[in-house]
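Working notes, structure below.
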Amino acid sequence: MKRPETRIIHTRGQRLGSVTVNPPVERASTVLFQTEKALYDSKPGYGRMGLSLHRELEAALCELEGASHVRLASNGLQACVLAIASCVEAGGHVLFPDSAYGPTARFCERRLKIMGVSATRYDPRIGGGIADMIRPETQAIFIESPGSLTFELSDIPAITTVARERGIPTIVDNTWGAGYFLKPLALGADIVVHAMTKYIVGHADAFGGAVITSDNRLYSSICATSEDYGIGLAPDDAYLALRGLRTLHTRLHAHEAAALDLANWLAARPEVSEVLHPALPSSPDHTLWKRDFTGSSGLFGVILNAVPEGGMDRFLAELHLFGMGFSWGGFESLLIPCDEQLTRSTGNWTDNRAGPLLRIHVGLEAVSDLKAELDTAFAALKGPA
């Protein structure tokens, strides 16, 4: 059996025998047919469903996750929404982690309510205790591991074991693990979602989402929901996602090594209260990470110690290699303050932290240059000597 990094490079889909390495981009809304039967029976019959390029991307994603079915979406949030909506109906109930990506949580608490579906947050470290939160009407359990901004890991096998006993589908957002460092389907999950915008695209220049499963019944529901919502992925974005996927293995290991180097350096800084990175031995989730993951990505959190007045403004003003912008997974490093977007219903994230919460994505620059810039920024944070 060839290794995953080999298989995702050599999926050729419908292009067996093609003379080009990369597939051509087919920009088409209308597909023409020669007979009435072909017009109504052929799939895809319309460009919104994707053409041969999309099928090749789907085949590579199946290889990545060890799955049999993929449905593409225009971005990661749309993939999360599609997966959840395909599992629920009015009168149902969804469980999602308190550490979930903000827009996913917003969909669960705002849009699902309008649809007649209730939603409840759970502690991301609840594990098998999820059984106590399941209601007779619970129709789906959403998992994001590690959690957005705060990087808690969830015990996926413990949660999926309980869910399977109750006949409840589980959905895992695997964007951080990128389908490479974490295999949720092998841990009992029913559906995996990706924001391909991040590590799969890898160059901060395209959007994309994917909903992945090996369950035929769930896939039928995912397809029907996607068709009802009119969901699709533009051909240029599909091309960039597939091109990025081919180099995922090499890029992820570079991000991993650089992030661990920087995380350990930050952990020793006097300005830092805590580094939130499950691959560090200091993390409360480190044992779980070693069990379920084969590596770590370039995204992690940092809690600073108390910052003097005006300190964060001075700190951020010194950052030039670290951009301040949303998203992550590209070749450039990013750093954003997160207090404005941090919302939790449980825990002590608001009251008992030493100082501000930062999220760092480590790109592909020389780590020594990143450290030098942060060293200057920390000096500025303290104020004039």
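Some notes on this structure:
- Between the C-alpha center of segment 270-290 and that of segment 304-330 there is a gap of 21 Å.
- Estimated FRET transfer efficiency when R0 is 30 angstrom, pair residue 366-residue 236 (beta carbons, to 0.05): 0.45
- Entries of 2/183; 2/290; 113/183; 2/43 with Cα pairs more than 26 Å apart: 113/183; 2/43
- Straight-distance crosslink candidates among aspartates and glutamates, where the alpha carbon sits under 12 Å from residue 371 and sequence neighbours closer than 8 are dropped: 261
- Computed with the Debye formula from one identical point scatterer per Cα of the chain, without solvent, the log10 of I(q)/I(0) at q = 0.11, 0.12 Å⁻¹ comes to -0.80, -0.94.
- Cα-based radius of gyration of segment 293-350 once divided by 2.2 N^0.38 Å, which approximates compact folds: 1.35
- Largest first, the extents of the alpha carbon coordinates of segment 5-133 on the three principal axes equal 55, 39, 22 Å.
- Simple spin-label estimate for residue 27 and residue 2 gives 3.2 nm between the two label positions (7 Å along the Cα-to-Cβ direction from each Cα).
- Among 329, 128, 45, residue whose mean-square fluctuation peaks in a GNM of the chain (springs only between Cα atoms under 10 Å): 45
- Rg/Rg_globular for segment 253-313, with Rg_globular taken as 2.2 N^0.38 Å and Rg from C-alpha atoms: 1.24
- Contact order normalised by residue count of the chain, Cα under 8 Å, 6+ apart, percent: 17
- Selection among 54, 218, 42 by position relative to the dipole of the chain gives 42 as farthest towards the positive end (Cβ unit charges, Cα centre).
- Kirkwood-Stokes translational diffusion coefficient of segment 248-382, alpha-carbon pairs, 10 °C, 1.306 mPa s, µm²/s: 103
- Top of 49, 312, 196 by mean-square fluctuation, Gaussian network on the chain, Cα under 10 Å: 312
Any read-out appearing in this document is the output of simple, stated calculations on the displayed coordinates, not a laboratory observation. All of these numbers come straight from a predicted model, not from anything done at the bench. Note that each Cβ is placed from the backbone with ideal geometry, even for glycine, and that neighbours are counted across all protein chains shown.
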